[in-house]
Amino acid sequence: MFTRRFHIIAAAFLIATGAWAQSDGPVRFDIPFDFNIGDRQLAAGRYEVAASPGNPILRVRTRDGYTVWMGVTHALTTRDVTSASQLVFNKYGDRYFMSKVRVAGADGGRQLFPSRQERELARTATLARATLTAARRSSQ
């Protein structure tokens, strides 16, 4: 069981690496508030996000290239094509949770799975959304 799970995870990361090599590279976002992604809490600042509509792996890095989060997401399909990449956050009170990544020029993106903390807050708090547009395409 462990060996099979390991092979599946390893294959997903290899696919992700290939997709990043073929894409236009990560997109830079200036995030003006502290936020959560998965079980990590991150400070406001400049981050690079590597996402592709057909790739389940999402990677978030600091501006100096340190990977702060990498995880599996699921497909997000929309009816409209966005002209600029976007991050969508769910906001509960003063807490932000990264929820979606929209990819420029695509009719979709990636949806993050809500963390346990977000699910707990969703039961009791009012939801608001915050959308950020990419600062610019990152040059690697």
Worksheet item: (1) surrounded by 12 or more Cβ atoms within 10 Å (Cβ to Cβ); (2) in contact (Cβ under 8 Å) with a residue 40 or more places away in the chain; (3) part of a strand (DSSP E or B): which one isn't true of K91, the others all being true?
Response: (2)
Response to the item:
Of (1) under 17 Å from E118 (Cα atoms); (2) at pLDDT 95 or above, G93 satisfies every one except (2)
Practice prompt. Considering only residues that are surrounded by 14 or more Cβ atoms within 10 Å (Cβ to Cβ) and of a type in the set (V, I, T), look in the range 53-67 and name the one that is farthest from F35 (Cα to Cα).
Written response: I57
Discussion item. Could you list, ordered by first residue, the pairs with Cβ atoms under 7 Å in which the first is in the range 42-60 and without any contact (Cβ under 8 Å) to a residue 12 or more places away in the chain and the second is surrounded by fewer than 20 Cβ atoms within 10 Å (Cβ to Cβ), at least 6 apart or interchain?
Written reply: A43/D34
Worksheet item: Quick one: would you say R119 is under 16 Å from I37 (Cβ atoms), part of a strand (DSSP E or B), at pLDDT 90 or above and charged (D, E, K, R)?
Response: no
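The values are calculated or read from the model by the stated rules, or taken from the named source; none is laboratory data. Since the structure is predicted, the reported quantities are computational estimates derived from the model, not experimental observations. Cβ: placed from backbone, ideal geometry, glycine included. Neighbour counts: every protein chain shown.
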